[in-house]
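Asks: Here's a structure for you.
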Amino acid sequence: MPDLNLLRVFDVVYTTGAVNLAAERLDMTAPAVSQAITRLSKQIGQPLFVRQGRGIAPTATATSLRQEITPHLGIIEQSITTKHQFDPETSQRTFFIGSDQNYDLLYIQHSYEQIKREAPNVACEWVPGLHLEEERHDALRLRSVDLIITSYPLDSAGFHHRLVTSENVVAVCARHHPRIQQLSDFHHFFKEPHTALNSFRQNNFFVESLSTQPLPARDIVYRNDSMLNLMVMAAATDWLCMCAEKLALQYADALHLHRFDLPFDAQKLPVYLSWHSARENDHGLQWLIQKITSGITTMPEPLD
């Protein structure tokens, strides 16, 4: 009978494409991972990976095997998970939440308070930096995170998502901006130098993807992953920044920023929770989803 642990190791090696990275994800040594792949190859009677440059590449046998085992591994993990009921009052579980520093500023504190109020021994670790959709797929599939907070849902089968809320987007500039009276005009607005958020949605900057009309090209002079950093730069220059209205309300006074409406129509910035479909019956994860949803939707509005 095959060792199911070998199949799990194989799945991670196939997904990561590297023995060392798979060893890190599995909390194993690289030699142990290599030995597991060798054992599985002998059981199957065919090589599963071949060397390609400095890395490895799957053989046709490996590709076929993975297509066959992946859904069954998910079912097995789900079956095992459902055997363990989750009691928030006594659980000492650690949840890993893939997030974004912009949402962290908005939601972590209130969500964490909701979680700890009901589950004092549960720990949460927020994992930043998952900007690319492929990175998010891998993180959920490999269980390096349990849940992801994102501005767009994962566009592929095998994942669930929930729209939790949406945020208004506004513009800010320094209060001493020399052309502050003209910025509400569409054409003047786009003549100004702009900051831009590095995070992309639908292969475009987030503001362009939310606009209900085509926008002129912007003179983007500074990019960053953090809306707060963009706001700080706008406060010290004549640059414009577009950001979530809640962030503007929280930090505009401290940074001496002027907040104003966008001179074009735009949709709100959506906020989703995404998780792997194999975790649908994980009682602990579903409890966490409810707590974070409650934490986000019951947040008090910042004072204007």
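The values are calculated or read from the model by the stated rules, or taken from the named source; none is laboratory data. On a predicted model such as this, the values are computed, not experimentally measured, just so you know. Backbone-built Cβ (ideal geometry, glycine too); neighbour counts: all protein chains shown.
Asks: Among (1) modelled with pLDDT under 90; (2) assigned by TED's automatic domain parsing to the domain that holds Ala244, there is one condition Val145 misses while meeting the rest; what is its number?
Replies: (2)
Asks: Read through the list (1) at pLDDT 90 or above; (2) surrounded by 17 or more Cβ atoms within 10 Å (Cβ to Cβ), then give the number of the only condition that Lys268 fails.
Replies: The failed condition is (2).
Asks: Just one of (1) surrounded by fewer than 16 Cβ atoms within 10 Å (Cβ to Cβ); (2) under 22 Å from Ser111 (Cα atoms); (3) not assigned by TED's automatic domain parsing to the domain that holds Pro153 trips up Gln290, so point out which.
Replies: Condition (3) is where Gln290 drops out.
Asks: Ok, one more. Just to be sure I understand the filter: pairs with C-beta atoms under 6 Å, separated by 6 or more residues or on different chains, first member in segment 56-83 and modelled with pLDDT under 65, second member among the aliphatic types (A, V, I, L, M). Which pairs pass?
Replies: Note: pairs meeting the criteria are Glu77/Ala278; Gln78/Ala278.
Asks: Here is a list: Leu215, Leu230, Leu249. Which entry is free of Cβ contacts under 8 Å to residues at least 60 places away in the same chain, among the hydrophobic types (A, V, I, L, M, F, W, C), surrounded by 15 or more Cβ atoms within 10 Å (Cβ to Cβ) and out of contact with any strand residue (DSSP E or B) (no Cβ under 9 Å at 6 or more places or on another chain)?
Replies: Numbers: Leu230 fails: out of contact with any strand residue (DSSP E or B) (no Cβ under 9 Å at 6 or more places or on another chain); Leu249 fails: out of contact with any strand residue (DSSP E or B) (no Cβ under 9 Å at 6 or more places or on another chain).
The conditions single out Leu215.
Asks: Quickly run through segment 215-264 and pick out the residues that are of a type in the set (Lys, Arg) and farther than 18 Å from Ile180 by Cβ.
Replies: Here is the first cut: in segment 215-264, the residues of a type in the set (Lys, Arg) are 218, 223, 246, 259.
Once the filter is applied, which keeps residues that are of a type in the set (Lys, Arg) and farther than 18 Å from Ile180 by Cβ, segment 215-264 yields Arg218, Arg223, Lys246.
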